[in-house]
Amino acid sequence: MVSRPHRVHSCYGSAAKVCTDRTLWYLGKAYLWRCHGRRPPTAVPARPVDGPARRRGRRRPGPPGGRGVTAPTRAAPPAAALAGGATGPDALAPLLDAARQALTTGAARRGGPVPTGGPAATAAAVRAAFGADLLPEQGDDPAAVLSVLATALVGGTADPADPHCAGHLHCPPLAVAVAADLVAGAVNPSLDSWDQGPSATALEPLVVDALGRLVGLHGGPDAGVLTSGGTESNLMGLLLARDTVVQRVTGRSAAAGGLGALADRLRVFCAEVAHFSVRRNAALLGLGEQAVVPVPVDHAYRMDPAALADRIATAIRVGLLPTAVVATAGSTDFGSVDPLPQIVDVCAAHRVHCHVDAAYGGGALLSTRLAGLLTGIGRADSVTLDLHKFGWQPVPAGVFLTADPARLAPLARRVDYLNPADDETAGYPSLLGRSLRTTRRADAFKLAVTFRALGRRGLGALVDRCHDLARYAATRIAADPRLELAAPPVLSTVVFRHRGPAGADPADRDRVNAVLRRRLLHTGAAVVGRTRVADAVWLKLTLLNPHATETDLAALLDLVVTAGDDVSHPEPPR
């Protein structure tokens, strides 16, 4: 129904205006009573407020001796529409249309894997699009705002779906996973209490169980948790290992009493090429980075089990406490997988917690061809997985798994407003005591949808395709006299470099490879990774786009060669 206008007498200054809505008329009337202590001339609304609306309203006190005024509930502005509830889908529809158009427009504007012009140009474009006042007093039309700003974000991003974006373990997410993530975001469950996410609380243990069986741990649905990624999962592995040793040696909980004199005696062992998070996490846990003992690797960049056994024995001999061994299943640069069966044997012999960082290589378990690389992983005490690598999920999609759910005991917490004991006794479960975090998204949902949509074979085929691309790239690199291959690929990373000009010394070769990579970034032509091997600069392709073709890779390597040649033989100034 369209309300008739109601005029309020002009003697009330700026408050006097034409009100085309009954709600505004009532609110304006109450405002005038409050400010002036007297009624404005009476105006009668076109229809009385109906019963339910009146019941939902609030009674406001009127002037002395007068009646209270019922102020009907005022609708939120369109910009504040909610994504959930019965009206959420309708509110989302125009925004999703704007987002889809922005994805198309932004990608076309970018025109490649990364924006041109380098950091300065990108920063300037972001400032221009988002404005000097990012929090203005008044907002604007939400669909228009989203369109402009999403276009700017997409136009200025690195797009891992572009075949020439191959620098990092940064996967292009599957459309079905992104759509699932949207659904989870719309209803916004949180896993710190059952009543914030009933279905999500029931789902996550099912995903944990499925992945535990894939790995071979068989700890059951309670033996793990979803995390923000490999760093958090590795932190959990070291934390539980640390607390186990402290409990065994002192008879008390590290969580309750700290480390005391043991802090300087605890030691963590990992390969020289292990992920940097091992050292960072040792520092966070109060052990210090010096507690991490690097173990030599073989020619294929795999931990040497004999050297590991020797270093553990040496540590015990001088009174130190071996706390954990972090084996790597898929190193960041080479994709190398440590010899897991032998490492597990060494750990068992010395009663040391064996944690496997399979953030990258864990996806190989989906592949019939590559799963054998991870033989022995099911004997580990705990495992890290990252499905936002080989899994093609939107970030985050990390997983921590353990063989025994009892190992999670140090994380247990009882919080009256989240997981009171009598609620759990009555059958309301809580996942609070499985995570380092309190508020957590329902990341298990996108994994579950992906698993059901593609199955193990479908995901395994994507892994195999990326492995095929890596082998093709390695073959082409080895055949080009201007390029040098560091090692055959194991998973989907290829480490190589441009040889530089004839007779180039190591410093010149390093400069050529560093500069050519930045040139490709600056021109928006390609994203190529960079690493250091034997104290020299090398380049890296990390191939996680299963839709890329051999033609795409050939063109990418041609770009590298051309840029390297240009840097090696610059044109003289004119």
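The table below lists the values:
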| read-out | value |
| --- | --- |
| Lone unmet requirement of (1) without any contact (Cβ under 8 Å) to a residue 12 or more places away in the chain; (2) farther than 21 Å from GLY376 by Cα; (3) not aliphatic (A, V, I, L, M) for ARG242 | (1) |
| Close pairs from the range 391-416: first surrounded by 18 or more Cβ atoms within 10 Å (Cβ to Cβ), partner modelled with pLDDT under 95, Cβ under 6 Å, at least 6 apart | PRO410/ALA255 |
| All positions within the range 553-572 that are within 23 Å of VAL463 (Cα to Cα) and surrounded by fewer than 16 Cβ atoms within 10 Å (Cβ to Cβ) | ALA554, ALA555 |
| Unique residue being touching a strand residue (DSSP E or B) at 6+ places or on another chain (Cβ under 8 Å) and either closer than 18 Å to TYR301 by Cβ or not hydroxyl-bearing (Ser, Thr, Tyr) (or both) when the list is LEU374, LEU366, LEU370 | LEU374 |
| In the range 211-241, the residues that are part of a helix (DSSP H, G or I), touching a helix residue (DSSP H, G or I) at 6+ places or on another chain (Cβ under 7 Å) and of a type in the set (Gly, Ala, Ser) | GLY230 |
| Candidate set: the range 265-318, residues that are within 28 Å of the chain's Cα centre (by Cα) and charged (D, E, K, R); chosen: the one nearest to ALA486 (Cα to Cα) | ARG302 |
| Exclusive hit being assigned to a helix (DSSP H, G or I) and either at negative phi or open to solvent by 10 Å² or more (accessible area, probe 1.4 Å) (or both), set ARG252, ARG248 | ARG248 |
| Selection within the range 449-460 - touching a residue at least 24 places away in the same chain (Cβ under 8 Å) and surrounded by fewer than 17 Cβ atoms within 10 Å (Cβ to Cβ) | ALA453, ARG456 |
| Scope the range 298-329; condition touching a Ser or Thr at 6+ places or on another chain (Cβ under 9 Å), in contact (Cβ under 8 Å) with a residue 60 or more places away in the chain and open to solvent by 10 Å² or more (accessible area, probe 1.4 Å); matching residues | ALA300, TYR301 |
| Residue pairs meeting the criteria (Cβ under 7 Å; at least 6 apart or on separate chains; first touching a residue at least 24 places away in the same chain (Cβ under 8 Å), in the range 191-206; second β-branched (Val, Ile, Thr) and surrounded by fewer than 22 Cβ atoms within 10 Å (Cβ to Cβ)) | ASP192/THR438; ASP192/THR439 |
| Subset of the range 434-447 (residues that are buried (at least 18 other Cβ atoms within 10 Å of the Cβ) and either among the β-branched types (Val, Ile, Thr) or assigned to a helix (DSSP H, G or I) (or both)) | ARG434, ASP443, ALA444, PHE445, LYS446, LEU447 |
| Test: residue in the range 379-386 that is within 19 Å of ALA210 (Cα to Cα), surrounded by 22 or more Cβ atoms within 10 Å (Cβ to Cβ), without any contact (Cβ under 8 Å) to a residue 60 or more places away in the chain and not acidic (Asp, Glu) | no |
| Complete set of residues in the range 103-115 that are in contact with a Gly (Cβ under 9 Å, 6 or more places away or on another chain) and either assigned to a helix (DSSP H, G or I) or within 16 Å of VAL126 (Cα to Cα) (or both) | THR105, GLY106, ALA107, ALA108, ARG109, ARG110, VAL114, PRO115 |
| Some residue of the range 148-156 being more than 30 Å from LEU556 (Cβ to Cβ) and in contact (Cβ under 8 Å) with a residue 60 or more places away in the chain | no |
| Residue selected from the range 331-343 under the condition open to solvent by less than 10 Å² (accessible area, probe 1.4 Å) and not polar (S, T, N, Q), by the criterion farthest from CYS171 (Cα to Cα) | ILE343 |
| Close pairs (6 angstrom Cβ cut-off, 6 or more residues apart or separate chains): more than 14 Å from ALA143 (Cβ to Cβ) and modelled with pLDDT of 95 or more in the range 80-93, open to solvent by 70 Å² or more (accessible area, probe 1.4 Å) and in a helix (DSSP H, G or I) anywhere | GLY84/VAL187 |
| Some residue of the range 172-181 being open to solvent by 20 Å² or more (accessible area, probe 1.4 Å), closer than 23 Å to LEU96 by Cα, in contact with a Lys or Arg (Cβ under 6 Å, 6 or more places away or on another chain) and part of a helix (DSSP H, G or I) | yes |
| Enumerated strands (runs of 3 or more DSSP E) restricted to the range 482-535, each holding at least 2 residues that are open to solvent by 10 Å² or more (accessible area, probe 1.4 Å) | 483-485, 527-533 |
| Set GLY391, GLY372, GLY378: member being touching a helix residue (DSSP H, G or I) at 6+ places or on another chain (Cβ under 7 Å), of a type outside the set (A, V, I, L, M) and within 24 Å of ASP468 (Cβ to Cβ) | GLY391 |
| Some residue of the range 249-269 being under 25 Å from GLY335 (Cα atoms) and in contact with an Asp or Glu (Cβ under 6 Å, 6 or more places away or on another chain) | no |
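The values are calculated or read from the model by the stated rules, or taken from the named source; none is laboratory data. This is a predicted model, so every value here is computed, not measured. Virtual Cβ from ideal backbone geometry, glycine too; neighbours counted across all protein chains shown. These accessible areas exclude ligands, DNA and RNA; they are computed on the full protein's heavy atoms, side chains included. Shrake-Rupley method; radii C 1.70, N 1.55, O 1.52, S 1.80 Å.
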